[in-house]
Amino acid sequence: AQSVTQLGSHVSVSEGALVLLRCNYSSSVPPYLFWYVQYPNQGLQLLLKYTSAATLVKGINGFEAEFKKSETSFHLTKPSAHMSDAAEYFCAVSRSGGGADGLTFGKGTHLIIQP
Amino acid sequence: NAGVMQNPRHLVRRRGQEARLRCSPMKGHSHVYWYRQLPEEGLKFMVYLQKENIIDESGMPKERFSAEFPKEGPSILRIQQVVRGDSAAYFCASSPLTVTDTQYFGPGTRLTVL
């Protein structure tokens, strides 16, 4: 069975500061990993995904994530936070690349940006 | 290319009524997934369908819930005899043919059961 743990239900950073959102996974097979962002009352938008190619994955809006097998982690980072980054962020895992089975999501991290 | 469309966006039902949620996948996508999001929770997988077939319904409650994706028309998630605990946001996602493709999410239907 697969699972995802997101450490910290709420993370607050100052505008311009580093953003670090943590995600640890458990999977019995090589995983495919995803980060999605959800703005209030909207659906989920894919930020980036890891599909066993490069371990450092670059996504949209300046976000990137690094797959670390030894730590079973896939943390999301952004060098400089912007007010528009305030949203809910979800980490997810799949047995396939995402097109052949349901995703297992973490509970989400609410990112707060302080002016 | 229009995104995944869901309707209605908001649905209010009284206990015991039926709720029908519709999802039109992106053009060219033949895989549809339904997820439920409860307050303060992440999304929970419910069911995965391809045209006219249910591939994986391991996340569907055993009673009152059903899903279909007919040859023509949108995918439908049906909840019979709704209860207050069914109040949630229901999201549909779609992906193209290959197993490595990303799932693209719709805006969701927010169901409120009075």
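Among the residues of the stretch A:102-113, which ones are open to solvent by 10 Å² or more (accessible area, probe 1.4 Å) and away from chain B (no Cβ under 14 Å)?
Within the stretch A:102-113, A:Ile112, A:Ile113 meet the criteria.
Can you tell me which of (1) assigned to a loop (DSSP other than H, G, I, E, B); (2) touching a strand residue (DSSP E or B) at 6+ places or on another chain (Cβ under 9 Å); (3) of a type outside the set (Lys, Arg); (4) within 14 Å of chain A (Cβ to nearest Cβ) is the one B:Glu40 doesn't meet?
So B:Glu40 meets the others, but not (2).
Scan the stretch A:37-80 for residues that are assigned to a strand (DSSP E or B), within 11 Å of chain B (Cβ to nearest Cβ) and either out of contact with any helix residue (DSSP H, G or I) (no Cβ under 9 Å at 6 or more places or on another chain) or over 20 Å from A:Gln2 (Cβ atoms) (or both) and jot them down.
Scanning the stretch A:37-80 gives A:Val37, A:Gln38, A:Leu44, A:Gln45, A:Lys49.
Do the conditions hold for B:Met46, that is, is it more than 20 Å from A:Asp101 (Cα to Cα) and within 12 Å of another protein chain (Cβ to nearest Cβ)?
No: the conditions fail for B:Met46.
Has the stretch A:54-76 got at least one residue that is open to solvent by less than 10 Å² (accessible area, probe 1.4 Å) and aromatic (Phe, Trp, Tyr)?
yes
Given the condition open to solvent by less than 20 Å² (accessible area, probe 1.4 Å), within 13 Å of chain B (Cβ to nearest Cβ) and among the aliphatic types (A, V, I, L, M), answer yes or no: does some residue in the stretch A:81-101 qualify?
Looking through the stretch A:81-101, at least one residue is open to solvent by less than 20 Å² (accessible area, probe 1.4 Å), within 13 Å of chain B (Cβ to nearest Cβ) and among the aliphatic types (A, V, I, L, M).
Is it true that B:Gly59 is at pLDDT below 95 and surrounded by 14 or more Cβ atoms within 10 Å (Cβ to Cβ)?
yes
Among the numbered criteria (1) out of contact with any Lys or Arg (no Cβ under 9 Å at 6 or more places or on another chain); (2) within 14 Å of chain B (Cβ to nearest Cβ); (3) among the small types (Gly, Ala, Ser), which single criterion is violated by A:Ser12?
For A:Ser12, the failing item is (2).
Give me the strands (runs of 3 or more DSSP E) completely within the stretch B:64-114, filtered to those with at least 1 residues that are of a type in the set (Val, Ile, Thr), ordered by residue number.
It comes to B:75-79, B:109-113.
Could you tell me whether any residue of the stretch A:4-20 is closer than 15 Å to A:Lys107 by Cβ and not in a strand (DSSP E or B)?
Yes, the stretch A:4-20 has at least one match.
Among the residues of the stretch B:55-82, how many are more than 19 Å from B:Lys44 (Cα to Cα) and in contact with a Cys (Cβ under 8 Å, 6 or more places away or on another chain)?
Qualifying residue count, the stretch B:55-82: 1.
Report whether or not B:Leu97 is closer than 17 Å to B:Val12 by Cα and modelled with pLDDT under 90.
no
Are there any pairs with C-beta distances below 9 angstrom linking a residue in the stretch B:42-55 that is buried (at least 23 other Cβ atoms within 10 Å of the Cβ) to a residue that is among the basic types (Lys, Arg) and not in a loop (DSSP other than H, G, I, E, B), with the two at least 6 apart or on different chains, and if so which?
So the pair list comes out as B:Leu43/B:Arg36.
Name every residue in the stretch B:78-100 that is within 14 Å of chain A (Cβ to nearest Cβ) and in contact (Cβ under 8 Å) with a residue 12 or more places away in the chain, in order of residue number.
Hits for the stretch B:78-100 are B:Ala88, B:Ala89, B:Tyr90, B:Phe91, B:Cys92, B:Ala93, B:Ser94, B:Ser95, B:Pro96, B:Leu97.
The values are calculated or read from the model by the stated rules, or taken from the named source; none is laboratory data. Just so you know, these numbers come straight off a predicted model, no measurement behind them. So basically every Cβ, Gly included, is an ideal-geometry build from the backbone, and we count neighbours across all protein chains shown. Protein only, heavy atoms only, side chains kept; ligands, DNA and RNA dropped before computing areas. Shrake-Rupley method; radii C 1.70, N 1.55, O 1.52, S 1.80 Å.
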